[in-house]
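See below for the structure under consideration.
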Amino acid sequence: MADAPQRETPAGGEVKGLSLGKRLLVFPIACIFRLWLRSLRMRLSEEFRSELEDVEHPTVVIVWHNRLSVAAEYVRRFRRGRRLCGLVSGSRDGAWLETFFRAIGILVTRGSRKRRGSQAIRELIGQLKEGHDVGITPDGSRGPCYEAKPGALLVAKVSKAPVLLLSFEFSSAWRLNSWDGFYLPKPFSRVTVLGKRLEGGFFDDMETEDAVATVNSGLMNITKDTVKAPPRAVREKND
């Protein structure tokens, strides 16, 4: 079956799509993954409970890439009435990820620095205005691991929305042999949610470099690697 037509964009790039047949292949995997997530025993850290339970405003949720697997499940369980929207690359790999995200209930905006980047930022801000949370991985999609990039803060700075720095600790998990040692919690394992909330407009008077450093240090203060990363991930993290 031929690939789906590409979506032309005003920004001069194109967003890659998948054929119907390929999209259908993703749904059984997504259903299994949703059941997998439901099995997790997820609890809020008592230290950060009040900040993690605050759902008054749509929020920019910032989480390290290697903990992305459970971010949407936290939103589903503890941020009732909100949905999470993620930014996914306009590439062919991003087309697979878009299909998977939508199948597990995550809203998707397509774009990257090379493909419709400014349009994607506007669409993410639009999602906030509609009442949805927006998820950002500041070290994604290719790292280095635990190193925030300036572009990740654009949505927070422009929208002036509250920011939630989010992290997770896993009682038992696999770590994939990826650039960031991606965490995949084992079924029925315990996941502890940690987070630090920053009020809307927090970055208004900061230089970009200072804002990035604040996010980086804030996330690292609530991040603990409880499972050793594979050799490849450790090597790439320390390059």
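So here's what we get for this one:
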quantity: Cβ-Cβ under 8 Å pairs, at least 6 apart or on other chains, region 146-172 side farther than 21 Å from Gly200 by Cβ, far side of a type in the set (S, T, N, Q) and at pLDDT below 95; calculated: Glu169/Thr226; Phe170/Thr226; Ser171/Thr226
quantity: Filter result (under 20 Å from Asn216 (Cβ atoms) and aliphatic (A, V, I, L, M)) within region 46-103; calculated: Val60, Val61, Ile62, Val63, Leu68, Ala71, Leu87
quantity: Where a residue in region 93-115 is on the phi < 0 side of the Ramachandran plot and charged (D, E, K, R) and its partner, wherever it lies, is at pLDDT below 90 and buried (at least 18 other Cβ atoms within 10 Å of the Cβ), with Cβ under 6 Å and at least six apart; calculated: Glu98/Val88; Arg110/Val15; Arg110/Val88; Arg110/Gly90; Arg115/Gly13; Arg115/Gly90
quantity: Enumeration of residues in region 33-47 that are among the polar types (S, T, N, Q) and in contact with a Leu (Cβ under 9 Å, 6 or more places away or on another chain); calculated: Ser45
quantity: Segments classed as strands (runs of 3 or more DSSP E), wholly inside region 35-132, with at least 2 members that are over 16 Å from the mean Cα position of the chain (by Cα) and either surrounded by fewer than 21 Cβ atoms within 10 Å (Cβ to Cβ) or among the hydroxyl-bearing types (Ser, Thr, Tyr) (or both); calculated: 41-44
quantity: Test: residue in region 135-144 that is more than 21 Å from Glu73 (Cα to Cα), buried (at least 21 other Cβ atoms within 10 Å of the Cβ) and in contact (Cβ under 8 Å) with a residue 12 or more places away in the chain; calculated: no
quantity: Filter result for Ser167 (under 16 Å from the mean Cα position of the chain (by Cα), at pLDDT below 90 and of a type in the set (Ser, Thr, Tyr)); calculated: no
quantity: Some residue of region 180-193 being in contact (Cβ under 8 Å) with a residue 24 or more places away in the chain and of a type in the set (Asp, Glu); calculated: yes
quantity: Boolean, Gly181 is touching a Phe, Trp or Tyr at 6+ places or on another chain (Cβ under 6 Å) and either among the aromatic types (Phe, Trp, Tyr) or within 13 Å of Arg67 (Cβ to Cβ) (or both); calculated: no
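Here's the yes/no breakdown for (1) at pLDDT below 90; (2) touching a His at 6+ places or on another chain (Cβ under 9 Å); (3) of a type in the set (A, V, I, L, M, F, W, C); (4) closer than 20 Å to Thr192 by Cα:
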| position | (1), (2), (3), (4) |
| --- | --- |
| Glu8 | yes, no, no, no |
| Gly12 | yes, no, no, no |
| Glu46 | no, no, no, yes |
| Arg49 | no, no, no, yes |
| Leu52 | no, no, yes, yes |
| Ser69 | no, no, no, yes |
| Leu84 | no, yes, yes, yes |
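The values are calculated or read from the model by the stated rules, or taken from the named source; none is laboratory data. Bear in mind the structure is a predicted one, so any value in this text is a computation, not a measurement. Heads up, the Cβs are rebuilt from the backbone with ideal geometry, glycines too, and the neighbour counts pull from every protein chain shown.
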